[in-house]
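Heads up: the structure comes next, in C-alpha cells.
The values are calculated or read from the model by the stated rules, or taken from the named source; none is laboratory data. Everything numeric in this text was worked out from a predicted model, so none of it was measured. Here the Cβ positions follow ideal geometry from the backbone for every residue, glycine too, while neighbour counts run over all protein chains shown.
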Amino acid sequence: MRDLHEIEERLRQYAVLSAKDVTATNATAQSAAIAARVASNRSVRFLVVLPDEKEAEELYEALRAFTSTPPLLLPAWDVLPFEPSSLEPSIAASRVESLSFLAGIDLPKFGIERPNVCIASARAVSRLTLSTELWHLLSKKISFADELPPHDLRKYLIESGYSHSAEVGLPGEFASRGGILDFYSPGNLYPIRIAWDGDIIESLRLFDPMTQRTIDTVDSALILPPRELHLPLEDDLRQEAIEQIEKELKPSLRLERFKDAIRSRNLIEGMELFQTFFGGMTSAFKLGKLNIICVDKERIESRLEELFEEASSESKESDLGFKPEFLFSEALEADLQYDSMKTLPDGVLPQIETEHLPASEVDARILRIDISRLIDRDDEIIICTSFGSRVKELLSEEHIDKKNVNVIEGNLRSGARLPACRISVIGDEDIFGRIKRRIRKGISRRGRTDWRELNPGDYVVHVNHGVGIFRGIERIVSLGEERDVILIEYAENDRLYLPPHETGMLEKYSVLEGQTPRIDKLGAATWSRMRKRAELETAEIARELLDLYALRRATPGVIYPVSPSEESFEKTFGYDETEDQMRAIEEVLGELSNKNCREPMDRLLCGDVGYGKTEVALRATFRVVRNGKQVAVLCPTTVLALQHSETFKERLTPFGISVGTLSRFQSVHEITENLEKLGDGSLNVIIGTHKLFGQSVRFKDLGLVIVDEEQRFGVRHKEKLKELRKRVDILTLTATPIPRTLHLALSGAKQLSMIETPPPGRAPIQTVVEPFNEEHVRRAIRRELDRGGQVFYVHNRIETIERVEQFLKRLFPKIPMAVAHGAMNERELSKVMLDFISGKVSILISTSIIENGLDIPKANTMIIDQAERFGLAQLYQLRGRIGRSNTKAYSYFFHSRDMTADARARLAAIAEYTELGSGYAIARRDMEIRGAGEILGVLQHGEMESVGYDMYCRLLREAISELKGEKSSSKKNKSVIELKVSAFIPFEWVGGEEVVAVVHREIANAESVAEVNDLRESLIDRFGGLPDPVENLLRIAELRAYATLDNVESIYENELDVRIRWRKEPEGAERWLMSMKDSNRITYHSEGDILVIEGLPKTSKPKFNFIRRLVRR
C-alpha cells in the first residue's frame, strides 16, 4: 500500500491544467476536496467557496481527512441583514480568525502547522467585512521581553472590544488581577496568560480555560479584534460618521441610542451594523492575495444574487432605513472575477476530471460500490472512513484483495473515481448509505462552582446553627491582624462570623420556589429538634437504599469484556467527549466488565437534554451486543422511540448490529416480524414504548435494558422494571436535574453517573417575550431559514392548528412545513417526524407533543403561540428542544395582551431564566427538588422543607456512611487553628469578590499537604506571586492537615503564648518535647493535654515552621 503522500503526488502529476475555476465534472463537494488538496501549495492561501452551508461543512470534513493541517471554516452571519445584533463570541471569533487569515495575517503556530485553506459558503462571504488594511491595523503581536505596561495592554483590549471577566473562558474575554493578565484572542488555540516584571513582559503562557492551569510557555502571541468592528478612536472621525448616518438613515429612538454609543465609543450589541459609516469595508473575495476556488460557480452566483435580493427586501422593513449596499456588495460579478486566480505561481489551477464510482450489483446493504471492478482496472483505492475496523472486516468477508486498498481514518461522506490517474477515493456513504455527519467545533467553558451561585442575601444552613442569611465575605481585625470571615445573619440581628475554612459547615438553603424559610436564632433549641427529625428520616431512607443494594449484590451479573471493534465504533462519535461524558462512559463500561465484583448493573445516568446521555447508552449497547446479548431501549413516548431508533440505526447498522422498533408507528406486519426476530436472536436491539412490556415480547437472550425517563412510566410498568433489575443490567437515563449534593449522598448506596458539563460551544438561548406580532414571527423564521436551520412553531390547540399552517404558508409559500399533533394516525405522524428529523421539513407546526424527545441540532428557533396557556415547567421543557449546538438559539414566547397576573409572572420568569444566566439555577432548583423526591421516594415537604434540600442530602450522605461503617467526611475532626497572622485574599489580586469566595472554598477543600501544595502552584499560575496574607492562609491549611493527622484538637494564639490541645496525650511526648526546647520557653500541661509555647517568633514564616515541627514529628 502506498503512503497517502505518494498518492497525493500522483494526483499532482496527472492533474489536467486549466485556467478555469476548480469544478468536479460529477460535482460533489468531496471530489472538489481532492482538487483543493492538490492545489493546496503551502506557500499560498486558498479560499474555497461553495453554494451552501451544508456543502461547506462536508468539504471541511473531507479536507480534514486528506491533510494533517485542518482547514479553517468561515461561518456565516446568523442574524438577519439589518438586525442590530452581534454574533455569539465563538462564532464571531471563528469569523475573525478566518478573515484575518484571508487578509494575509500569519496565525500563531504554537508548535503546529496552521491552515492554508479556508472553506466558506456563499452566505458566509456575502456580507462585507473589514478591509485588508484594517485587519492588519487591528492585529497586534506581543512577545517575550517586550516593553508593554499592563495598563496600556488593558486599555488596548478594552478599545478593541474585549470584555472584562473574572475568569477567561471564551474568545473576546480578558481578566486582569495583580501582575497577571489573561486574554483569549481569536486565532490563538488557547487563551494567553501574561506576567510582567515592571513594564517588561516576563512570560507568555498558554492555559486551559477549563482548569485555568498553564499548558505551555510561548515566545509570542497574536491579538486580533473579537468582532468585525473598528470604531475610530478619534472624536472627529466618529462625528463625521454620525453626520453621515443622519444623512443616510431614518431618525428613530433606536438610532439615537446608537449615535450616543458612537459618540462615547461604547461598543454595544449590534454596532457592526454601522461599520460601513466608519470606513474600510470590502468583500471577502478581495482580501489579501488569495487563490479563490469556486465549486459550482453558477450556483454560487445565483445564491449571492438571492441573498442580495433578500437584503433588499429586509432593508425596506428596517426601521433604520439601511440600504442593502451598506452590508452587501452590488458588484457580485466583479467580486467573483476578482484577480481571476492570477496570483497562482503559473497562472493556472489544477482541474481533475472525475466519474462516478461503480455501483455494486450484489447486496446494496453491504459495500454499495463494486471495489473488485476498481481493482480490475488497476486503480489505487483510498477508503476514507470513520468505521475503519468494520470496513476491513467487510473487505475480508467479500474476499477482496487488499493489496491496492488504503483504509485511512477520516470523515469523508462520498468520493469519486479519477480516471486520468487511476485513483478511486471512497467515502462512508459509498459503502454504508446515508450517514449523518457532525462537525466538531466550539469551545468549552470552565464549569462554575456552587459558591458562584451563592450571593449576598441568599439563605444558608449551618450544620450546628440552622437557617440564616449569607451577607458576604467581610474583612475584620482579630488579634490585631486582618482576616476574611463569612458573615451569616440570624434572627434578632444575631451575627455569626465563620472562618472561611469552615465553609464545609454550610449548605445553601433550597426548597420549592416561592417558599420562604424561617430564620433561626443562634443558641435556640429549635434547629436541633428539626435536625434530629431529619436525621431519623434520612436514616430510614439510607437503610432502604442499602437493603436494595445488598439484594442486587447477591445476584451474579454477566461480564462483558472489551470487543475488538469498539475503538472503531468510538471514533464514529462526531463530537469530542466532555470530561463528564467520558467519565460516565468509563463508569458504565467499567461496571459491565468488572470481573472482581459483578452484580447486575442498576445505574442512573443524569444529564440535561443534549449533554450526551445517548452516546453513553450507545457505547453500553455496543459492548453488550458484541458479547452476544440483546438490548432493549424503553421510551415513554413514540416520538422519543422514533428519535432513538434513527440514532441507534445510524450508529450501529454499519457494524452489522440490527435495530428494530416497537411502537404505534409500526404496522402489524412490522411488529410481528420484529417479535419473531427478537425470539430467535436475529434482532440485536429493540427500541420501543410500553409495548415492550407486552406478553408477546420474548427475548432469546436479553442482557441490558436502557430506560429513558423512568419517572414518566406508570406504577405497573415500574413494578416490572423492579423485577427486571434482579436479573439483567439496567441503565436509566434522565434529564431531571440531579444536583451534586444528591449525587454525593447516593454515591455510597446507588450507582449514579452525572453529565453536568454542556458540550463545547454551547450557546445561551436568547428569549423574547412579547405580544403576538406577525412581522416579528416572519423575521424570526426568516433568520433561522437563512442560516439553513429549522423552526418549531408550537400551537397547543388541535382545532385551530390548521389556521396557523395557512398563516405560515402565506408568509413562506415555498418553504416545506408540516403539522404534528397527538390526534394524527401513527403512519402520518411518524412520516412528519422523520421528515423533520431528516431536514425535509423546515418548519414543524405542532402541539406540545414535541415537549420531550426530539433532539435536532439544526432546529434553533422556537416560537410558542399563546404562551400564557403553558406552565413554567412546560415552557422550560419546550425551550429545551433548541440551543443544543454552538449556534445561537432564539425562543419567542408570544402572548395575548390580556392575561392573568400568574401568567404574566410565569412569562417574566422564563424571560429571566436563560440558560447561562444566574436565574437559571433558581429555575432548575424546583425541578431538582421534585426530581430528588422521585428518586428518593419522599415527598417534598416535612423534614426536607424544614432543613432545606441541600442539608437534607448532606444528612442522607452521613446516614449512608454511618450504616456502612465509614466515617463521613463532614464529621471528620479537623483541627481548629487561630494564629496572630494576617490571613485574607486581596480583591485586587484575584480580580473581584466573586473569585475571593471561590479561592477560599478551594483552600478549605484542600485536606492534605499535597493538595495544599498543588493549590499553591495553581494560585501562583492563575494570579501571580502570592501576597503574604494568602501565603498565610495556605500555611494554615498545611498546618491543619498535619495537626489533624496528629490528633490535634486546636491551636490558639493569644497575646502571651500559643496553646496546642491534643484530643489525647501524644505518644512519647516527654522525649520529643525535650528535643524541641531550643531558645523557647516551653511548658507542657498534661492535664487537658495542652502544650503552652512562649516566646515564639513574631514573624509568620518562623512561627509556622516551629509549630509545624511540633505536629509532624
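Would you mind finding the one in 496, 487, 546 that is aliphatic (A, V, I, L, M) and in contact (Cβ under 8 Å) with a residue 40 or more places away in the chain?
After applying the criteria, what remains is 546.
Can you tell me which residues in the stretch 987-1025 are crowded, with 17+ Cβ neighbours inside 10 Å, within 13 Å of residue 180 (Cα to Cα) and more than 27 Å from the chain's Cα centre (by Cα)?
Scanning the stretch 987-1025 gives 989, 1024.
One line per residue, one yes/no per condition, for (1) part of a helix (DSSP H, G or I); (2) at pLDDT below 75; (3) more than 30 Å from residue 646 (Cα to Cα):
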site	(1), (2), (3)
394	yes, no, no
403	no, yes, yes
407	no, no, no
425	no, no, no
430	yes, no, no
456	no, no, yes
472	no, no, yes
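Here are some residues: 249, 267. Which one is under 36 Å from the mean Cα position of the chain (by Cα) and modelled with pLDDT of 90 or more?
Details: 249 fails: under 36 Å from the mean Cα position of the chain (by Cα).
After applying the criteria, what remains is 267.
Does residue 586 count as among the acidic types (Asp, Glu) and within 30 Å of residue 860 (Cα to Cα)?
Values: among the acidic types (Asp, Glu): yes; within 30 Å of residue 860 (Cα to Cα): no.
No; evaluated as a whole, the condition is false for this residue.
List the strands (runs of 3 or more DSSP E) inside the stretch 39-129, counting only whole elements, that have at least 1 residues being within 28 Å of the chain's Cα centre (by Cα) and modelled with pLDDT of 80 or more.
Values: elements: 45-50, 72-74, 117-121.
Because the criterion is at least 1 residues that are within 28 Å of the chain's Cα centre (by Cα) and modelled with pLDDT of 80 or more, the strands (runs of 3 or more DSSP E) in the stretch 39-129 that meet it are 72-74, 117-121.
Those residues that are under 25 Å from the mean Cα position of the chain (by Cα) and in a loop (DSSP other than H, G, I, E, B), I need them from the stretch 596-627; list them, please.
608, 609, 610, 611, 612
Looking only at the stretch 232-253, which residues are farther than 21 Å from residue 328 by Cβ and not in a helix (DSSP H, G or I)? Lay out the reasoning, then the answer.
At the first step, the residues of the stretch 232-253 found to be farther than 21 Å from residue 328 by Cβ are 232-240, 242-243, 246, 251-253.
Within the stretch 232-253, 232, 233, 234, 251, 252 meet the criteria.
If you go through the stretch 993-1010 one residue at a time, how many are in contact (Cβ under 8 Å) with a residue 24 or more places away in the chain, acidic (Asp, Glu) and assigned to a helix (DSSP H, G or I)?
Of the residues in the stretch 993-1010, 2 are in contact (Cβ under 8 Å) with a residue 24 or more places away in the chain, acidic (Asp, Glu) and assigned to a helix (DSSP H, G or I).
Those residues that are assigned to a helix (DSSP H, G or I), out of contact with any helix residue (DSSP H, G or I) (no Cβ under 9 Å at 6 or more places or on another chain) and modelled with pLDDT under 85, I need them from the stretch 551-586; list them, please.
As a first pass, look at the stretch 551-586 and keep what is assigned to a helix (DSSP H, G or I): 551-553, 566-571, 579-586.
Now drop any that are not out of contact with any helix residue (DSSP H, G or I) (no Cβ under 9 Å at 6 or more places or on another chain), which leaves 551-553, 579-580, 582-583, 586.
Of everything in the stretch 551-586, those that are assigned to a helix (DSSP H, G or I), out of contact with any helix residue (DSSP H, G or I) (no Cβ under 9 Å at 6 or more places or on another chain) and modelled with pLDDT under 85 turn out to be 551, 552, 553, 579.
Within the stretch 635-670, can you find the residues that are at pLDDT below 90 and of a type in the set (A, V, I, L, M)?
Within the stretch 635-670, 639, 640, 641, 642, 662, 668 qualify.
What is the one condition in (1) at pLDDT 90 or above; (2) closer than 22 Å to residue 643 by Cα; (3) not small (Gly, Ala, Ser) that residue 604 does not satisfy?
It fails just one condition, (1).
If I ask for residues that are among the hydrophobic types (A, V, I, L, M, F, W, C), in contact with a Lys or Arg (Cβ under 7 Å, 6 or more places away or on another chain) and outside any helix (DSSP H, G or I), which ones from the stretch 821-855 would you list? So that I can check it myself, show each step before the final result.
If we filter the stretch 821-855 for residues that are among the hydrophobic types (A, V, I, L, M, F, W, C), which is where we start, we get 823-824, 829, 832-834, 836-837, 841, 843-845, 849-850, 854.
Next, from what is left, pick out any that are in contact with a Lys or Arg (Cβ under 7 Å, 6 or more places away or on another chain): 850, 854.
Hit for the stretch 821-855 is 854, nothing else.
Which one is surrounded by the fewest Cβ atoms within 10 Å (Cβ to Cβ), of the residues in the stretch 235-292 that are in contact with a strand residue (DSSP E or B) (Cβ under 9 Å, 6 or more places away or on another chain) and β-branched (Val, Ile, Thr)?
282
If you scan the stretch 656-667, which residues turn out to be among the hydrophobic types (A, V, I, L, M, F, W, C) and farther than 17 Å from residue 693 by Cα? Before you say what the answer is, go through the steps one by one.
As a first pass, look at the stretch 656-667 and keep what is among the hydrophobic types (A, V, I, L, M, F, W, C): 657, 659, 662, 665.
Those that are among the hydrophobic types (A, V, I, L, M, F, W, C) and farther than 17 Å from residue 693 by Cα: 657, 659.
Of everything in the stretch 1026-1049 that's of a type in the set (Gly, Ala, Ser) and either surrounded by fewer than 18 Cβ atoms within 10 Å (Cβ to Cβ) or under 37 Å from the mean Cα position of the chain (by Cα) (or both), which residue is farthest from residue 1090 (Cα to Cα)? Working first, answer last.
Our first condition is that a residue be of a type in the set (Gly, Ala, Ser); within the stretch 1026-1049, this holds for 1037, 1041, 1043.
In the following step, the residues that additionally are either surrounded by fewer than 18 Cβ atoms within 10 Å (Cβ to Cβ) or under 37 Å from the mean Cα position of the chain (by Cα) (or both) were identified as 1037, 1041.
On the way: 1037: 21, 1041: 19 Å.
Residue satisfying both the conditions and the ranking: 1037.
When the residues of the stretch 887-913 are narrowed to those that are among the β-branched types (Val, Ile, Thr) and outside any helix (DSSP H, G or I), which ends up nearest to residue 79 (Cα to Cα)?
887
State which residue pairs qualify: first residue in contact (Cβ under 8 Å) with a residue 12 or more places away in the chain and loosely packed, with under 14 Cβ neighbours inside 10 Å and inside the stretch 567-583, second residue not in a loop (DSSP other than H, G, I, E, B) and not polar (S, T, N, Q) in any location, beta carbons under 9 Å apart, and separation of 6 or more residues or different chains.
Correct list of pairs: 567/388.
Any chance the stretch 954-974 includes a residue that's touching a Phe, Trp or Tyr at 6+ places or on another chain (Cβ under 6 Å) and in a helix (DSSP H, G or I)? Step through it out loud before you land on a result.
Here is the first cut: in the stretch 954-974, the ones touching a Phe, Trp or Tyr at 6+ places or on another chain (Cβ under 6 Å) are none.
No, the stretch 954-974 contains no residue that is touching a Phe, Trp or Tyr at 6+ places or on another chain (Cβ under 6 Å) and in a helix (DSSP H, G or I).
Do you know which residues across the stretch 137-169 are touching a Pro at 6+ places or on another chain (Cβ under 6 Å) and surrounded by fewer than 21 Cβ atoms within 10 Å (Cβ to Cβ)?
Across the stretch 137-169, the qualifying residue is only 161.
Which residues, counting only those in the stretch 254-278, are free of Cβ contacts under 8 Å to residues at least 40 places away in the same chain, of a type in the set (Gly, Ala, Ser) and either outside any helix (DSSP H, G or I) or touching a Pro at 6+ places or on another chain (Cβ under 8 Å) (or both)?
Hit for the stretch 254-278 is 264, nothing else.
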